[in-house]
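Encoded as structure tokens, the structure appears first; notes follow it.
The values are calculated or read from the model by the stated rules, or taken from the named source; none is laboratory data. The shown structure was predicted, so the numbers you read here are calculated from the model rather than taken from an experiment. In this analysis, Cβ positions are derived from the backbone assuming ideal geometry, glycine residues included, and neighbour counts consider all displayed protein chains.
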Amino acid sequence: MIELYKNGAYLLHGTELVEENAEAAAALSAKLGQAPNKEQAAAGTMAYRILQAHNTSGNDKKLKIKFDRLTSHDITFVGIIQTARASGLTEFPVPYVLTNCHNSLCAVGGTINEDDHMFGLTCAKKYGGIYVPPHQAVIHQFAREVLAGCGKMVLGSDSHTRYGALGTMACGEGGPEIVKQLLSRTYDINMPEVIAIYLSGKPQKGVGPQDVALAIIKAVFANGYVNNKVMEFVGPGVANLSVDFRIGVDVMTTETTCLSSIWVTDDQVKEFYEIHRRPEEFDYLAPEDVAYYNGVVKVDLDKIKPMIAMPFHPSNAYTIEEVNANLEDVLAEVEKNALVSLGNKVPYTLRDKIKDGRLYVEQGVIAGCAGGGFENLCDVADILNGQSIGTDKFSLSVYPASQPVFMELIKNGSIAKIMETGATVRTAFCGPCFGAGDVPSNNGLSIRHSTRNFPNREGSKITSGQIASVALMDARSIAATAVNKGYLTAATDIDVNFSKPKYYYDSTIYDNRVYNGVGKPDPSVEIQFGPNIKDWPEQVALTEDILLQVVSEIHDPVTTTDELIPSGETSSYRSNPLGLAEFTLSRKDPEYVGRAKKVRAAEEIRRTGACPMCEDADVKAAFTVVKKAYPELKARETGIGSTIYAVKPGDGSAREQAASCQRVLGGLANIAKEYATKRYRSNLINWGMIPFIFEEDELPFSNLDFIFVPGIRQAIIDKKSEITAYVVKDELKPFTLKIRELTDDERTIILDGCLINFYKEN
């Protein structure tokens, strides 16, 4: 089904793979008539050509990328624009789309969600952007319809910014990276490795894009096979997938932790652009006749079966057939693994879902950028046609991804087929993906065609004794389960005739409702603020030496951004840095905020010019030990901050607040064995926090210990890759912290204290 090459490989003429090894070298040379030039062949990938076309550095190894278009949604754009305004923004230099698909429900926190929307509208007018009102489209569907273009690059402040199936290289990053683009700066990365995703065959009837995506994620997530690399989809199997199918696979590449994705394009993609009235955006993309890839994920589409990702990660995937055949064993294993994420905070079971030897689920949801596409919902309608979802616990809700998609589903009768079953149909909204909609009952199990199934992604709160679970499935198998009134069923197990109606795009809705001010900034417009929209607190430059206190220690194999700063109802506070910070680690370590504030109080005393040793007994005790070894050290000149330790933090969302909330609470660093994603590490750096690495399993420090790091400012200036730090006990105990490669700008940002200061100083 899925095969991972151990070595790199050459792709010849877009169809033939030759793995890089001694045995193949002679044969490859014979085919080519000469020995292959690996460097030249690596430049033959689509990814290489697109990246170099957007690279302003003149160095094909050290890239400085300028994107063609930008996009954000309503729990990110306020902070982004506030940061850009503080840094000198006068107008948007490229098309920038502000969608409103996350805080669409204006009920939590009074007026604050709609205040954010009005902030966005007035900023679109003032700076020349595009404003998409609530319920019109989810961020990525609108981008597919309006922003994507073959050979173009799009940067979005949402992790699922992926338009590779449309020939567009897109990346999801934290807000500060959007700010850099708004200020005509660059996205600085080393040339990433490129992995071929080689597709062959054709999916079985009933197998959908989520099935293919989950199979790939299962194969590559844990081993990091594509981590921070570009996934390039090639091979004869691509032509056997509709564009909607390709989009459905592509959007889930985020869950592999890759950097971006790109697909070969063909006449089907050309038709997509023609349907969406943008034929000029199409171009045929393909690798050169000889292209070299750093690895290969070989996918036999014929062998993919309907999949289910059990709680609590998209990589925790099984075939539905396997789950149904081994229910007790699979559910017991899931319960055991859940203890890693949940601890003993709440009782958790799934085996109570076994009824008459079958798995019963209470809820189905098909939504958002992954599930709410036209083809998905047409197939769902065909499966549900003339059926009933029943009158028991099981419910089904469907969210078309945009109003144009919704309208066409109404016109072709699909919505009527879905609604007649007892299912409900909602407007475009991302809520089910991050815990702000369709919250099941306590201990409920929800199957969803959405992007993630982390803890609390369905909206429950462990700290309140509530827990429910999400399993990810393809829309077709969710519909098949609905036909069987909640009993888990693969779509391949039912008989259905898929009608595959043609899609007709009508932009009239957008013409009548979406504000498009691209190229028409109006400086006279006053930005509309609400009482919850606050400026970022001032940060100070990095001092020569720092004293850190460890205020949270997390030993889970992976820590998600959801665990660092919860989603769901907290999203309404994303425009209020200090208000949101109160929720930091609230579902993982409720003591964190209080501990961090105590450390911050000592730092605030220092900033007034007073001695922090006089006000905090713990800080005094730590400095007393430090000053025995460093008698010239002055506490008033030594930065005091908190740090967390986590094994592998930052999987999941691109949200910058996973870092910024730590920063506004006084965080100066993270210490990790490794960072799950580039985007989380970038968020730390952009908020002036040092991304330390400690690779050993046995920690020299414990929670609440102080760590003294002398000479850290000079070490950053000198581009040192490691530094000696000291655990402060009765005496100083040395250990080594590593600082992996930083760009010159990243070093300066850390030295200045944050990105806002960097722009003020430069």
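Listed values, structure above:
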| item | result |
| --- | --- |
| When residues of the stretch 235-279 are limited to those that are acidic (Asp, Glu) and touching a residue at least 60 places away in the same chain (Cβ under 8 Å), the one nearest to GLU173 (Cα to Cα) | GLU255 |
| Tally of residues being crowded, with 24+ Cβ neighbours inside 10 Å and assigned to a helix (DSSP H, G or I) across the stretch 682-720 | 5 |
| Residues being among the charged types (D, E, K, R) and in contact with a Pro (Cβ under 8 Å, 6 or more places away or on another chain) - total across the stretch 81-95 | 1 |
| Selection count, the stretch 268-294, where residues are among the small types (Gly, Ala, Ser) and crowded, with 22+ Cβ neighbours inside 10 Å | 1 |
| Residue within the stretch 152-174 that is over 20 Å from the mean Cα position of the chain (by Cα), assigned to a loop (DSSP other than H, G, I, E, B) and closer than 30 Å to ARG574 by Cβ present | yes |
| Residue within the stretch 365-382 that is part of a helix (DSSP H, G or I), without any contact (Cβ under 8 Å) to a residue 24 or more places away in the chain and not assigned by TED's automatic domain parsing to the domain that holds ASP250 present | no |
| Members of the stretch 454-488 that are among the polar types (S, T, N, Q) and surrounded by 24 or more Cβ atoms within 10 Å (Cβ to Cβ) | ASN456, SER460, SER469, SER477, THR481 |
| Wholly enclosed helices (runs of 4 or more DSSP H) of the stretch 537-644 bearing at least 3 residues closer than 23 Å to ILE749 by Cα | 577-581, 592-607 |
| Looking only at the stretch 31-84, and only at residues there that are in contact with a His (Cβ under 6 Å, 6 or more places away or on another chain) and under 20 Å from ILE533 (Cβ atoms), the one that is surrounded by the fewest Cβ atoms within 10 Å (Cβ to Cβ) | HIS73 |
| Subset tally (residues that are at pLDDT 95 or above and touching a Ser or Thr at 6+ places or on another chain (Cβ under 9 Å)) for the stretch 305-320 | 6 |
| Complete set of residues in the stretch 733-760 that are outside any helix (DSSP H, G or I), of a type in the set (D, E, K, R) and in contact (Cβ under 8 Å) with a residue 60 or more places away in the chain | GLU741 |
| Which listed residue is more than 21 Å from PRO649 (Cα to Cα), assigned by TED's automatic domain parsing to the domain that holds ILE462 and either buried (at least 21 other Cβ atoms within 10 Å of the Cβ) or in contact with a strand residue (DSSP E or B) (Cβ under 8 Å, 6 or more places away or on another chain) (or both), from ALA332, ALA317 | ALA317 |
| Selection within the stretch 406-417 - surrounded by fewer than 24 Cβ atoms within 10 Å (Cβ to Cβ) and under 32 Å from the mean Cα position of the chain (by Cα) | MET407, GLU408, ILE410, ILE415 |
| Members of the stretch 231-250 found to be closer than 13 Å to GLY167 by Cα, among the aliphatic types (A, V, I, L, M) and in contact with a helix residue (DSSP H, G or I) (Cβ under 6 Å, 6 or more places away or on another chain), listed by number | MET231, VAL243, ILE247 |
| Residues satisfying the stated conditions in the stretch 335-362, i.e. surrounded by 13 or more Cβ atoms within 10 Å (Cβ to Cβ) and assigned to a strand (DSSP E or B) | ILE354, ARG358, LEU359, TYR360 |
